[in-house]
1. Which helices (runs of 4 or more DSSP H) does segment 66-163 wholly contain that include 3 or more residues that are under 30 Å from VAL430 (Cβ atoms) and not hydroxyl-bearing (Ser, Thr, Tyr)?
2. Identify the single condition in (1) surrounded by fewer than 16 Cβ atoms within 10 Å (Cβ to Cβ); (2) in contact with a Pro (Cβ under 8 Å, 6 or more places away or on another chain) that ARG136 does not satisfy, given that it satisfies every other one.
3. State all residues of segment 415-433 that are under 16 Å from HIS279 (Cβ atoms) and surrounded by 20 or more Cβ atoms within 10 Å (Cβ to Cβ); if no residue qualifies, say none.
4. Would you check if THR389 is part of a helix (DSSP H, G or I), in contact (Cβ under 8 Å) with a residue 40 or more places away in the chain, crowded, with 21+ Cβ neighbours inside 10 Å and not basic (Lys, Arg)?
5. Which ones in segment 392-433 are among the charged types (D, E, K, R) and at pLDDT 95 or above?
6. Would you mind telling me which numbered condition in (1) assigned to a helix (DSSP H, G or I); (2) at pLDDT below 95 PRO47 fails?
7. What are the pairs, 6+ residues apart or on separate chains, where a residue within segment 134-161 that is under 30 Å from GLN265 (Cα atoms) has its Cβ under 7 Å from a residue that is basic (Lys, Arg) and surrounded by fewer than 16 Cβ atoms within 10 Å (Cβ to Cβ)?
8. Any chance you could count how many residues in segment 231-248 are more than 25 Å from the chain's Cα centre (by Cα) and either without any contact (Cβ under 8 Å) to a residue 60 or more places away in the chain or loosely packed, with under 14 Cβ neighbours inside 10 Å (or both)?
Amino acid sequence: MRRLPVALLSGVALLGALATPATALEAGVVSRARFPNGLTLLVRENPTAPVVAVSLAVRMGTRWETRETAGISNFLQLMVVRGTTSRSGTQIVEDADRLGGKIDAIGDQDWSQIEATALSRHRVALLELVADVALRPSIPDGLVEPIKQFLLRQIRNRAEQPYPVAFDTLMHSLFGLHPYAWHPLGSRESVERIDRPALLAHYRRHYVPSGMVLAVSGRVRAPAVIAEVERLFGAMPAGQSPPASKVSPPAAAVSREVREVPGAQAQILIGALAPPLTHPDYPAVKVLSTVLGGGMAGRFFTELRDKQALAYSTGALYPSLAGTGYVVTQLGTAPENLRRAEPSLKKELDRIREEPPSAEELRVAKAYLLGHFAMDRRTNARQAWYLATFELAGVGHEFLDRYVAAVRDVTPADVQRVARTYLGTVRESVARPPAR
């Protein structure tokens, strides 16, 4: 079948790049191409190391699941690397190893990914391997039950650990019927129902070009990668990816739930709904979470651990989600300290609403946040991940630079404002050992 020429929408112009010597190409330049069938390709040229990373992000995850199908996206991702029409799961692993790299797949909340790395001289073979896994998975019937049992063991293990129990309880309280309420693993009841026909139907529904972004980062040239991807993915039939769930989280309300879980520590989690990745408040809430729980310089560590000796562990979590997000603050403490630690954690949330961070606190928080962000982007694998997921989220790969600039512009007043906006009404989850 004759394929239409790919349209390069931004980045390095295709014809110009074809005529440009490799030594003249700027390191870090990102080219963006969109194929007629809807597939988006991003290529970051990084000649500093002889490696290449590929990340294929698919618009598939918990946001497209129901309570009855919870966990099916992650289940499917574990299966696609277990065999294709031409390779067994063992051959997939061995082929990746021969290329000097590896391949893996995972299902998450807003997207699912196939990730692979190799030496750059094997870039064509790596793309062929990723294409085989993505386009021709066999979902071996004999492996569905073993993988199901593996997932059920993971689900069972989560139900026996204090922090996961407290976290999952809080997510269900915050999100209700919204899919973010459950972990990508799903539930025991939903996973037990999943069979091979359900996995195949889920694959056909979501693995469509309009819902896929392929990102490549490493010692490559964009025109050559574009040509290879057009050869491998260009004949893939166009299709419409399904919409995400339209269920909304419940309205903010005060709640407290306690679970008894055997263990040496008690876990206190306090959380609230927060803005998505695309919201203007996103950078300020990132700084807020870092002021509170950003390592040893955060308020939780200095106040609750160092000064009051109430915590084994502290932290604040604000993940980058395409839908309504959440902020979770956490404290792990000795069971006998629970009665004192709980109000002390709440007091710090009250304080950040009443008292903005000092200039020094803000400086340290920004340095911690942006430093970790820069460290996380050092490898081609993480660069490819960011390119693919941010493009799929709709903010584009340019978002990274906008985000860094926005974090630098956050003021103490901004931190206090978002604390008052999002931390005024919170839900709480406690996991503690059974009373003796």
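1. 141-158
2. Checking ARG136 against (1) surrounded by fewer than 16 Cβ atoms within 10 Å (Cβ to Cβ); (2) in contact with a Pro (Cβ under 8 Å, 6 or more places away or on another chain), the one that fails is (2).
3. Matches in segment 415-433: VAL415, VAL418, ALA419, TYR422, LEU423.
4. Criteria met by THR389.
5. ARG408, ASP409, ASP414, ARG417, ARG420, ARG427, GLU428, ARG432
6. (1)
7. Qualifying pairs under 7 Å: LEU152/ARG188; ILE155/ARG188.
8. 4
The values are calculated or read from the model by the stated rules, or taken from the named source; none is laboratory data. Please read all numbers here as calculations on a predicted model, not as lab measurements. Note: ideal-geometry Cβ built from the backbone for every residue, glycine included; neighbour counts use all protein chains shown.
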